[in-house]
Amino acid sequence: MRVVSLVPSLTESVAATAPGVLVGATDWCSHPADLDVTRVRGTKNPDLDAVRALSPDVVLASAEENRAPDLELLRAAGLRVWVTDIRTVDDAFPQLRAMLTEGCGLPAPAWLDEAERAWAAVEPVLPPLRAVIPIWRRPWMVVGRDTFTGDVLRRLGVENVHGGHPERYPRIPVDELNAARPDLVVLPDEPYAFTAGDGPEAFPGVPCALVSGRHLTWYGPSLAEAPAVLRRELDDPLENRMT
């Protein structure tokens with residue numbers, strides 16, 4: 001089996017299950033840190049010639065991350081393309097299991113069962129906190145409707161202020177974000193690398209949680225530890241404000 005992955009979280013999923021089958025991944029595939037495969041540029045601009053040259057048995061992709069025209073060109077070249085469309089935590093487990101077992105011919109990994117147990121044990125905090133969830137600035141963009149990120153936070157007791165927006169990742173000026181009067185601002189370190197000095201200053205008087213983008217937005221082995229990691233990161237600014 002030869003696998004090319006065009007999505008960082010799917011790359012990590014295969015690498016944690018059977019690293020020897022991966023022959024290609026994007027420049028953004030950062031986990032595991034010692035991944036040694038041919039790089040095929042990014043999720044939005046993959047080098048299709050490089051992918052074809054690797055002669056993969058399957059190319060792994062995501063409906064959200066990858067462009068449909070690129071995937072159609074790979075199919076037209078005779079390659080098998082397996083596309084995930086994961087928008088909730090509940091979506092993640094059966095789709096990852098099918099991708100690994102049916103798509104890649106691998107046994108179901110122990111880490112997937114561990115992740116499912118971790119999320120089954122999560123009890124949401126009530127009442128939920130209303131949060132704004134930026135993913136970019138210049139211009140400001142936030143998490144909107146129907147996203148995996150929004151569902152992860154919902155399960156942890158965080159209500160997305162823009163969860164009912166007609167767009168999935170709308171552009172909203174920062175003064176409008178503040179006008180929504182959120183209880184919390186959630187600032188992940190990807191795709192935009194928010195830091196203590198870059199992001200919180202735009203939301204004066206509002207607690208800001210700096211969280212791991214990998215645990216908030218990736219569906220893969222990180223799911224197993226995500227509930228504990230994110231709950232700690234979400235609680236820190238609120239506890240600091242109270243003290």
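The values are calculated or read from the model by the stated rules, or taken from the named source; none is laboratory data. If you're wondering where the values come from, they're calculated on a predicted model, not measured in any experiment. Heads up, the Cβs are rebuilt from the backbone with ideal geometry, glycines too, and the neighbour counts pull from every protein chain shown.
Before moving on, here are some points about what is shown:
- Any hit, the range 82-99, residues being of a type outside the set (Asp, Glu), more than 30 Å from Pro227 (Cβ to Cβ) and at pLDDT 95 or above: no
- Pairs are defined by a Cβ separation below 7 Å, a sequence spacing of at least 6 or placement on different chains, a first member in the range 13-24 that is in contact (Cβ under 8 Å) with a residue 60 or more places away in the chain, and a second member that is basic (Lys, Arg) and surrounded by fewer than 22 Cβ atoms within 10 Å (Cβ to Cβ); the pairs so defined are Val21/Arg2.
- Only one of Ala131, Ala118, Ala108 that is in a helix (DSSP H, G or I) and more than 14 Å from the chain's Cα centre (by Cα): Ala118
Every residue, every condition in (1) farther than 26 Å from Ala228 by Cα; (2) surrounded by 14 or more Cβ atoms within 10 Å (Cβ to Cβ), yes or no:
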site: Arg137; (1), (2): yes, yes
site: Val158; (1), (2): no, yes
site: Gly163; (1), (2): no, yes
site: Glu167; (1), (2): yes, no
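- Close pairs from the range 124-138: first of a type in the set (S, T, N, Q), partner at pLDDT below 95 and not in a loop (DSSP other than H, G, I, E, B), Cβ under 9 Å, at least 6 apart: none
- Inspection of the range 9-18 identifies no residue that is modelled with pLDDT under 95, in a helix (DSSP H, G or I) and either closer than 19 Å to Tyr219 by Cβ or touching a Ser or Thr at 6+ places or on another chain (Cβ under 7 Å) (or both).
- Restricting the range 100-128 to residues that are in contact with a helix residue (DSSP H, G or I) (Cβ under 7 Å, 6 or more places away or on another chain), under 27 Å from Leu153 (Cα atoms) and aliphatic (A, V, I, L, M), the residue that is surrounded by the fewest Cβ atoms within 10 Å (Cβ to Cβ): Ala108
- Among residues of the range 17-33, those that are surrounded by 18 or more Cβ atoms within 10 Å (Cβ to Cβ), of a type outside the set (Val, Ile, Thr) and closer than 21 Å to Ser55 by Cα, counted: 4
- Subset tally (residues that are touching a residue at least 60 places away in the same chain (Cβ under 8 Å) and not basic (Lys, Arg)) for the range 71-89: 4
- For Asp70, the requirement of being in contact with a Pro (Cβ under 8 Å, 6 or more places away or on another chain) and charged (D, E, K, R) is met.
- For the range 143-169, taking the residues that are among the hydrophobic types (A, V, I, L, M, F, W, C) and over 14 Å from the mean Cα position of the chain (by Cα), the one that is farthest from Leu184 (Cα to Cα) is identified as Leu156.
- The residue that is surrounded by the fewest Cβ atoms within 10 Å (Cβ to Cβ), counting only those in the range 60-95 that are under 30 Å from Arg155 (Cα atoms), in contact with a Leu (Cβ under 6 Å, 6 or more places away or on another chain) and hydrophobic (A, V, I, L, M, F, W, C), is Trp82.
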